[in-house]
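Some notes on the structure that comes next.
The values are calculated or read from the model by the stated rules, or taken from the named source; none is laboratory data. Since we're looking at a predicted model, the values are computed, not measured. No Cβ is skipped: glycine too gets one built from the backbone with ideal geometry, and neighbour counts run over all protein chains shown. Heavy atoms of the whole protein, side chains included, go into the accessibility calculation; ligands, DNA and RNA do not. Shrake-Rupley method; radii C 1.70, N 1.55, O 1.52, S 1.80 Å.
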Amino acid sequence: MTDPGRAPTIAQIPLNALAAGGLAALTEALAASDADYVLPSPADLRLPKDGLATMAVAAAEQPDAAAFRLPVKGLTPDSLWRGRRCRSHERNLETLRFADIIPPGALLVRREALLAALVGLPPGLGDDAWRVLCRRIARAGRIAELDLAVRRSGRIEGERASPAFAPLRPTRVLVLGQIEVSTSLYFDVLDAAPEISVDFRPLTRLALDAPVLAGADLVILVRELHRFWDEGVISFLDAAGVPYVWFTDDNFQVLRAEGEASAFYALPRMRAALAKAAAVWTSTEALAAAHLWLHPQVEVWKPALDPYLRQALPGSAGPLTIALAGGDFRLSGLPGAPLDQLRRIGDGLRLVVTPAAAKMLRPALPGAQIIVPPPERSFRQFIRAWRRFAPDILLHPAGATANTPFKTPTAAIVAGYLGAIPVVADEPAYHGWGETEGVLRLGADGDGIAAAALQVRQAAWRTEMERRLTEALTSRFGEDDRIARLRKLMRPTPKRNPEAVAQNILDSPGFARAHAARRMIRLARPLSDRVRPPE
């Protein structure tokens with residue numbers, strides 16, 4: 001990081017080609033530069049007046065950021081990049097796993113971070129080199145958004161349209177689903193596994209996703225079973241002979257009864273959708289027991305620690321800081337004893353919370369400093385954004401849902417990544433977790449908050465609690481046989497042309513008729529359920 005008290009220096013470095021020669025020239029220019037941050041700049045890049053000065057201010061205010069993403073005007077997206085889902089992909093930096101969303105000229109990056117990302121860059125990437133470079137930077141550090149629009153008028157040699165989907169590449173395992181917390185907690189560990197090629201992609205539309213599906217040897221469908229069924233993904237995988245499993249970390253039948261999930265999640269429909277699946281994976285033993293009637297092969301796939309988020313963190317300074325990072329359904333657990341304990345801490349309290357939590361807490365705690373970080377769909381970027389505030393305590397109140405017994409100890413994992421002490425409600429996910437494991441219980445009177453606030457700034461106590469939590473997380477969610485489990489379910493890899501296979505299936509009259517029928521059934525489902533409720 002930049003030396004405290006010194007303004008960061010910024011340099012524009014020419015970027016005139018993305019082929020091997022262009023990146024080699026970029027590496028040479030970086031080695032010759034002594035700037036703290038660099039802006040790889042195509043010849044057509046135009047900055048606003050005082051643009052570099054504005055960047056320097058942002059870099060000084062957020063010294064933890066590895067890079068800053070700038071809005072770019074003047075570039076045309078790829079013709080396939082259209083629709084609401086594509087627009088939503090642009091807001092998630094994990095989209096770099098499968099698409100270009102940061103064009104050259106749109107990334108102000110710390111010089112050391114860019115040099116590290118260039119080391120060992122695979123040869124032969126061609127026009128995919130810039131995306132891979134940006135993805136490496138995002139995987140290793142925080143990328144902040146900077147509200148400073150730049151303008152471009154064309155493309156450099158080897159540059160694709162942006163946004164645009166990345167070229168199709170051979171893969172053994174495809175994780176299909178929104179690349180957010182429920183995907184990252186369980187599958188990001190595969191992103192770092194050298195033994196097997198794993199790709200991540202959210203569902204966009206079947207015509208676009210079909211070649212990727214057809215090219216995989218195993219597909220993991222994450223959570224959204226209703227969409228995978230209604231939009232023909234499962235039917236396509238059956239036709240292509242690609243094995244697939246469904247993973248869930250929530251009991252959607254319980255959520256459906258509470259009005260929080262699609263009407264699709266009735267037992268007969270779920271059984272029909274999973275009839276040809278290789279397995280059903282759940283996040284906990286309790287959730288597996290609740291799904292035994294869905295499929296003959298129901299197994300537990302636990303959370304796994306992400307090596308890109310496991311790092312030593314500096315100690316806290318400044319005001320006592322408590323983070324509330326869980327879903328908004330947990331806010332109902334704050335009134336009463338937990339809120340009273342927060343009031344007793346006094347005016348020196350700082351809270352890092354979600355927008356909904358801020359709305360509740362501002363009138364209740366007028367003397368507290370309340371910070372609402374910008375929403376992050378990327379779990380890795382969320383962790384790094386909240387780390388900026390060095391939380392001392394992660395508060396995890398009780399959730400008002402019948403889905404609670406099926407939850408995983410997410411707060412313990414998040415606290416480990418944040419370097420905070422978790423204070424958790426008495427829920428099934430935390431049975432077997434206590435002070436011996438580096439976790440404090442909230443308690444009926446909220447005493448866990450008071451105990452943590454009293455001791456968390458005592459260096460010896462905090463260091464010991466962090467050690468215990470790290471050991472507990474490693475023993476529960478460390479290395480296991482995940483790669484072997486994947487290989488057992490994969491199909492052998494025959495010679496095939498996934499684009500041709502996908503097109504043949506999509507063009508077949510039978511598939512087209514079934515696809516149209518599913519659409520009609522989906523539209524009629526609310527009415528048919530009222531006339532004849534499912535079991």
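For A400 paired with D64, estimate the spin-label separation in nm (one decimal), with each label point 7 Å from Cα along the Cα-to-Cβ line.
For A400 paired with D64, the spin-label model returns 3.2 nm.
Please give the contour-minus-distance gain from S475 to E299: 0.36 nm per residue of separation, less the Cα-Cα distance, rounded to one decimal in nm.
Contour length minus the Cα-Cα distance gives 61.4 nm.
Would you calculate the separation in nanometres between label points at E195 and E435, each defined as 7 Å from the Cα along the Cα-to-beta-carbon direction?
So the label points at E195 and E435 sit 4.0 nm apart.
Helix-only estimate, please: 222 nm mean residue ellipticity of the chain, summing -39500 (n - 2.57) across DSSP H runs of length 4 or more and dividing by its residues, to the nearest 500.
-11500 deg cm²/dmol
What is the Rg over Rh value, at two decimals, for segment 323-365, using alpha-carbon atoms and the Kirkwood definition of Rh?
Radius of gyration relative to Kirkwood radius: 0.92.
What number do you get for segment 25-147 when its Cα radius of gyration is normalised by 2.2 N^0.38 Å, N = residues?
My calculation over the Cα atoms of segment 25-147 gives 1.06.
In whole percent, what relative contact order does segment 7-98 give with Cα contacts below 8 Å and a gap of six or more residues?
The value is 29 percent.
Identify, among C134, L93, A31, the residue whose Cα sits farthest towards the positive end of the charge dipole of segment 1-135, taking +1 on the Cβ of Lys and Arg and -1 on the Cβ of Asp and Glu, with the dipole about the Cα centre.
L93
Could you tell me, in Å, what Rg and Dmax come out for the Cα atoms of segment 419-530?
Spelled out, the Cα radius of gyration and Dmax of segment 419-530 are 26.3, 70 Å.
Considering every Cα-Cα pair within segment 265-318, what fraction, in whole percent, is farther apart than 18 Å?
When every Cα pair of segment 265-318 is considered, 51 percent fall beyond 18 Å.
Using Cα centres only, tell me the gap between segment 475-502 and segment 299-349 in whole Å.
36
Roughly how many whole Å is it from the C-alpha centroid of segment 37-65 to that of segment 75-134?
Segment 37-65 and segment 75-134 have Cα centres spaced 18 Å from each other.
Assigning unit charges at the beta carbon (Lys, Arg +1; Asp, Glu -1) and nothing else, what dipole magnitude in debye, to the nearest 20, does the chain show about its Cα centre?
Charge dipole of the chain: 1340 debye, to the nearest 20.
In whole percent, what relative contact order does segment 60-144 give with Cα contacts below 8 Å and a gap of six or more residues?
52 percent.
What is the packing order of peptides 23-29, 108-114, taking the mean over residues of other C-beta atoms within 10 Å and listing the highest first?
Sorting 23-29, 108-114 by mean packing, highest first, produces 108-114, 23-29.
Could you put R387, R468 in order of accessible surface area, largest first, with the 1.4 Å probe and the full protein assembly present?
R468, R387
Using only the C-alpha atoms of segment 180-266, find the volume of their convex hull and express it per residue in Å³.
Enclosed volume per residue, from the Cα hull, is 105 Å³.
Under the 0.36 nm per residue contour assumption, what length would be gained going from the current alpha-carbon distance of R485 and S332 to full extension?
Computed gain between R485 and S332 is 51.2 nm.
Within segment 388-418, list the residues whose amide N lies under 12 Å from a label point set 7 Å along Cα→Cβ of R310.
From segment 388-418, the list is 417.
To check my understanding: the extent here is largest minus smallest coordinate of the Cα atoms along each principal axis. What are those three numbers for segment 192-344, in Å, largest first?
Computed over segment 192-344, the largest-to-smallest principal extents equal 62, 41, 29 Å.
Go through M490, M520, F187 and say which Cα lies farthest out towards the positive end of the charge dipole of the chain; charges sit on Cβ, +1 for Lys and Arg, -1 for Asp and Glu.
Comparing the listed Cα positions along the dipole, M520 ranks first.
I'd like to verify something in the chain: which complete DSSP H helices, judged by Cα projection on the helix axis, reach 27 Å or more and average at least -1.0 on the Kyte-Doolittle scale?
Taking the DSSP H segments of the chain (at least 27 Å long, mean hydropathy at least -1.0), we get 509-531.
Return the percentage of antiparallel bridges among DSSP beta bridges fully within the chain, rounded to the nearest 5 %.
Counting DSSP beta bridges with both partners in the chain, the antiparallel share is about 15 percent.
Put +1 on the Cβ of each Lys and Arg and -1 on the Cβ of each Asp and Glu in segment 294-407; which of F406, L331, A357 then has its Cα farthest toward the positive end of the dipole?
A357
Please compute the alpha carbon radius of gyration of the chain, then divide it by the globular-protein estimate 2.2 N^0.38 Å. Two decimals is fine.
1.03
Return the Rg/Rh ratio of segment 1-96 with Cα-based radii and a Kirkwood Rh.
Rg/Rh: 1.01.
Students sometimes get this wrong: rank S162, S262 by accessible area, probe 1.4 Å, all chains present, largest first.
Descending accessible area places them as S262, S162.
Label points 7 Å out from Cα along the Cβ direction at A514 and T9: separation in nm?
For A514 paired with T9, the spin-label model returns 6.4 nm.
Relative contact order for the chain using alpha-carbon pairs under 8 Å, separation at least 6, rounded to a whole percent?
Worked out over the chain, it gives 13 percent.
Over all directions, what mean area does the Cα convex hull of segment 398-469 project, stated in square nanometres?
It is 4.7 nm².
FRET efficiency for R169 and N16, Cβ-Cβ distance as r, R0 = 35 Å, nearest 0.05?
0.85
On each of the three principal axes of the Cα atoms of segment 142-205, give max minus min coordinate, whole Å, ordered largest first.
Sorted from largest, the Cα extents of segment 142-205 read 40, 28, 27 Å.
Ignoring ligands, DNA and RNA, please state the percent of accessible area on the chain from carbon and sulfur, probe 1.4 Å.
Carbon and sulfur: 55 percent of the exposed surface of the chain.
Can you tell me the alpha carbon radius of gyration of segment 276-379 divided by the globular rule-of-thumb value 2.2 N^0.38 Å?
1.52
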